[in-house]
Amino acid sequence: MKDSNIAVFDIGGTWFRSGVYIKGSDLAELSKAPAYNYKNTPYDKVVELQLKLVDYLVEQVQSYQSKGIDIQGASISMGAALNGHTGEILNSGPLWGPECEPFDLLEQLQKRMPEINWLVINDVSAALLRHVNDPEYQKAKRVNLITVSSGIACRTYDQKGHYVPLNKDGIQGEIGHIPIHFSLFGEIITEDCDCGGANHLNAFVSGRGITKILRRLLNSKTSPISDTHLFNKLQNLEETELNKAFFDVLNEDDPEAVKVLDQVTFPIAEMIINTFTIDAEVEKVIMTGGVVHAAEDRYMKSLLVNLEKIGLYQTTDQTAFFKDAVRLGVNDDNSGLLGAAIAFENKER
Ligand SMILES: [Zn+2]
């Protein structure tokens, strides 16, 4: 079983990716298809969309088999909140919309193709697993990954146990929904999260949160960015254009854009300090996600400035410590597929 080919999937709200992981080699048979999501696929009940995903997964495995590829296992990285113990999908807004109901994906797959050994994991866990065998993380006792994109979440991996610890509900690391006191240039502001909660981390410093911050700065008469190059570049733009324009200006090293970035990396720096303080076995934190990769070195520099500003109690040479411990992750389309493959191998140990 351990040496077999594994069908691997990366299921997001926009794309379904698939491939075959050949142990000791690499990914093969890579393909990508538009997701069956609630916006592009007609349906009466959400379960119809959910069953279309099951069809897709089963048909892909069958197509590999029809090419003579011996598939014993299949591992799926799901862009959804799920119970990591059972594989039950709790919620996937981008895929199944606001009326999304829980769906037991693993059970459905086991019913349709019982001869295949199926595994379903969360996409943040997959992104983390994609990194854990890289030489710079292999020696760390525990590795944490934070993703900052349309939402924010993190996961911690235990290298010795080869697992992502979960609570009794199969959850870990949903930091995006922790309420915070967010200060924008010294003024405490409030915002609602997409989940309906008040002042969650997501509401301020995720991709969507940053759009709201930019709009607020443009609308304020006393804004610290008034009459600046950044203000002029952003002032007549639609909501959907703000983030890209902001990152374009930031990547020119515009000083006002850097100041705005420092506001939105501060709460992430606080989360990292909490992580290092509470779990001393976390020796590396990997930063990834669309927001991080939109600015890469500039995002990391801003994070470092804020980490040093907050500080880690009784730690000598903070600059060296944070530089070594907080790293930029790999940004490639195959992270989900590779992470799903590593999760399967870990399960088989
Ligand atoms: Zn929330």
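Which count do you get for residues in the range 92-109 that are aromatic (Phe, Trp, Tyr) and assigned to a strand (DSSP E or B)? Full working, then the answer.
Just the residues of the range 92-109 that are aromatic (Phe, Trp, Tyr), to begin with: 96, 103.
Okay, now just the ones that are also assigned to a strand (DSSP E or B), so 103.
Selection size over the range 92-109: 1.
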Kindly indicate the residue of the range 319-338 that is touching a helix residue (DSSP H, G or I) at 6+ places or on another chain (Cβ under 8 Å) and free of Cβ contacts under 8 Å to residues at least 40 places away in the same chain and also farthest from Trp15 (Cα to Cα) among those meeting that condition. Thr319
Checking Leu49 against (1) more than 22 Å from Ala341 (Cβ to Cβ); (2) surrounded by fewer than 17 Cβ atoms within 10 Å (Cβ to Cβ); (3) not hydroxyl-bearing (Ser, Thr, Tyr), the condition it does not meet: (2)
2 or more residues more than 16 Å from the ligand (Cβ to nearest atom) and at pLDDT 95 or above: qualifying helices (runs of 4 or more DSSP H) within the range 181-260: 207-219, 229-234, 239-250
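Residue-wise test of (1) under 20 Å from Met113 (Cβ atoms); (2) surrounded by 11 or more Cβ atoms within 10 Å (Cβ to Cβ).
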site	(1), (2)
Phe9	yes, yes
Gly13	no, yes
Arg17	yes, yes
Gly24	no, no
Glu29	yes, yes
Ala33	yes, yes
Tyr38	no, yes
Lys45	no, no
What tally of residues in the range 141-180 results from selecting those that are part of a strand (DSSP E or B) and more than 14 Å from the chain's Cα centre (by Cα)? 6
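Consider Thr275 carefully, then state whether it is in contact with a Ser or Thr (Cβ under 9 Å, 6 or more places away or on another chain), among the polar types (S, T, N, Q), in the same structural domain as Lys141 (by TED's automatic domain parsing) and closer than 21 Å to Val124 by Cα.
Working: in contact with a Ser or Thr (Cβ under 9 Å, 6 or more places away or on another chain): yes; among the polar types (S, T, N, Q): yes; in the same structural domain as Lys141 (by TED's automatic domain parsing): yes; closer than 21 Å to Val124 by Cα: yes.
Answer is yes for this residue.
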Pairs please, first residue from the range 142-164 and among the β-branched types (Val, Ile, Thr), second anywhere and part of a loop (DSSP other than H, G, I, E, B), Cβ atoms under 6 Å, 6+ apart in sequence or on different chains. Thr147/Gly289; Val148/Gly289; Ile152/Leu201; Ile152/Ser206
For the range 49-91, how many residues meet the condition of being within 22 Å of Asn334 (Cβ to Cβ) and of a type in the set (Lys, Arg)? 1
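Can you name every one of the helices (runs of 4 or more DSSP H) wholly within the range 282-349 that holds 2 or more residues which are within 22 Å of Gln263 (Cα to Cα)?
Numbers: elements: 290-295, 297-310, 318-325, 335-348.
In the range 282-349, 290-295, 297-310, 318-325 are the helices (runs of 4 or more DSSP H) which contain 2 or more residues that are within 22 Å of Gln263 (Cα to Cα).
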Any residue that is surrounded by 21 or more Cβ atoms within 10 Å (Cβ to Cβ) and away from the ligand (no atom under 16 Å from the Cβ) - is there at least one of those in the range 165-177? no
Suppose we keep only residues that are out of contact with any strand residue (DSSP E or B) (no Cβ under 6 Å at 6 or more places or on another chain) and either of a type in the set (Lys, Arg) or crowded, with 24+ Cβ neighbours inside 10 Å (or both) within the range 128-152. Which one would you say is farthest from Val8 (Cα to Cα)? Lys139
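Do we find that Ile89 is in contact (Cβ under 8 Å) with a residue 40 or more places away in the chain, buried (at least 18 other Cβ atoms within 10 Å of the Cβ), part of a strand (DSSP E or B) and of a type in the set (Val, Ile, Thr) in this structure?
On the way: in contact (Cβ under 8 Å) with a residue 40 or more places away in the chain: no; buried (at least 18 other Cβ atoms within 10 Å of the Cβ): yes; part of a strand (DSSP E or B): yes; of a type in the set (Val, Ile, Thr): yes.
Answer is no for this residue.
The values are calculated or read from the model by the stated rules, or taken from the named source; none is laboratory data. Here the structure is a predicted model, which means the values were calculated and not measured. Counting neighbours? That spans all protein chains shown, and the Cβs are built from the backbone with ideal geometry, glycine included.
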